[in-house]
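Read the structure below first, then the notes.
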Amino acid sequence: MQTIQQTIDSTPVRTFATEQPEYLLIQPSARHELKNDGLNREAELIAQASTRGFVLAAFDTCQWARALMPWHDDAVSVDCEVGLHARHTLCFVLHRLLPWLEHSYGRMPCIVGGYSLGAMWALWAACQTGKFGAVAAASPSLWIDGWSIYAQANPIMAQSVYLSLGDREEHCRNQRMRLIGDSVRRQHLLMQMQLGNHRTTLEWNHGGHFGDEPQRTARAFAWWALWAACQTGKFGAVAAASPSLWIDGWSIYAQANPIMAQSVYLSLGDREEHCRNQRMRLIGDSVRRQHLLMQMQLGNHRTTLEWNHGGHFGDEPQRTARAFAWCMDNLQQG
């Protein structure tokens, strides 16, 4: 993967590009994402999770709240400048960053995303412009004052929206922040109403707000992989390691939209269906149904379901590598 550090209008930008990119992924970054080489790990995880080539462009937001908050909220910061610059950030992306990326890599669909305030800003931005085809919002800070009113008054212009949240985030001590669970559920319901069930998902991660940020953001950007294979015949095979098929509406979508790929690999950890989360524990039956559907559509020799040892989080690189290896071998066999 090619990595470039560039300065555009005094803003540091890091890009991570695979060979033959097909998507532009744009996200605001902050110091906590640079810590422990988080952006490098995120780019690698996206590459492992998706069969599509991409360019990930992370632009620096030194003053996180100033750059991303669309309006003022004392619960975020008492700085009077907070709430005045989100539009400037969007203008930078639309008029400086995107043109530079398109000049360097060519025109291609664009996905905007991020983590925490970055995810909230991505959702806000996608209600302001139709430039973004999808939004990858990992643990978005939708508890801010006025978000629900804004979201209802400004329909999303993207075609697809991924949302995620840690299952302990709504159990924190901060009275404002503990509203996040209901806020994200409302946003997901609104996205279902505006886009349809098959165009949005809400994934619940284990833990609180701070933890596994690169992995969570990578999953947000890579979510479209299995869904996309039902939309186009461009993919010869699908490598789906521990896919989140427990999401609301997946079974209906999968039955109504036959897979267009020739081969499908599925895998699951043998402890994933024994977790405490009531929704997530449906994953075993959901993946078994998907495997049966793939057998009916493709034939037994064109699909497999491999059971790995352990839960959802563990040996992600190895599991994803086995998925891709099986797909390549199966396609070669003809």
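Looking only at segment 256-280, residues that are at pLDDT 85 or above and outside any loop (DSSP other than H, G, I, E, B) come to 10 in all.
Restricting attention to segment 100-116 and to residues that are assigned to a loop (DSSP other than H, G, I, E, B) and of a type outside the set (D, E, K, R), the residue that is surrounded by the fewest Cβ atoms within 10 Å (Cβ to Cβ) turns out to be G106.
Residues in segment 12-22 that are crowded, with 21+ Cβ neighbours inside 10 Å and either within 16 Å of the chain's Cα centre (by Cα) or polar (S, T, N, Q) (or both): T15 alone. Exactly one condition in (1) at positive phi; (2) surrounded by 15 or more Cβ atoms within 10 Å (Cβ to Cβ); (3) over 20 Å from the mean Cα position of the chain (by Cα) is not met by L179; state its number. Just one mismatch for L179, condition (1). Scanning segment 39-48 for residues being buried (at least 24 other Cβ atoms within 10 Å of the Cβ) and either over 29 Å from W326 (Cβ atoms) or not β-branched (V, I, T) (or both) gives a total of 2. Looking at S160, S148, just one residue is surrounded by 15 or more Cβ atoms within 10 Å (Cβ to Cβ), in contact (Cβ under 8 Å) with a residue 60 or more places away in the chain and in contact with a helix residue (DSSP H, G or I) (Cβ under 9 Å, 6 or more places away or on another chain), and that residue is S160.
For segment 103-111, the count of residues that are within 23 Å of the chain's Cα centre (by Cα) and within 20 Å of W147 (Cβ to Cβ) is zero. A single entry from S183, S141 fulfils the requirement of being in a loop (DSSP other than H, G, I, E, B), hydroxyl-bearing (S, T, Y) and either closer than 20 Å to Q27 by Cβ or assigned by TED's automatic domain parsing to the domain that holds R52 (or both): S141.
Taking the options M69, M1, name whichever one is farther than 21 Å from T89 by Cβ, touching a helix residue (DSSP H, G or I) at 6+ places or on another chain (Cβ under 9 Å) and not β-branched (V, I, T). The conditions single out M1.
The values are calculated or read from the model by the stated rules, or taken from the named source; none is laboratory data. The structure displayed is predicted, hence computed values, not measured ones. Because the Cβ atoms are built from the backbone with ideal geometry, glycine has one as well, and the counts that use them run over all protein chains shown.
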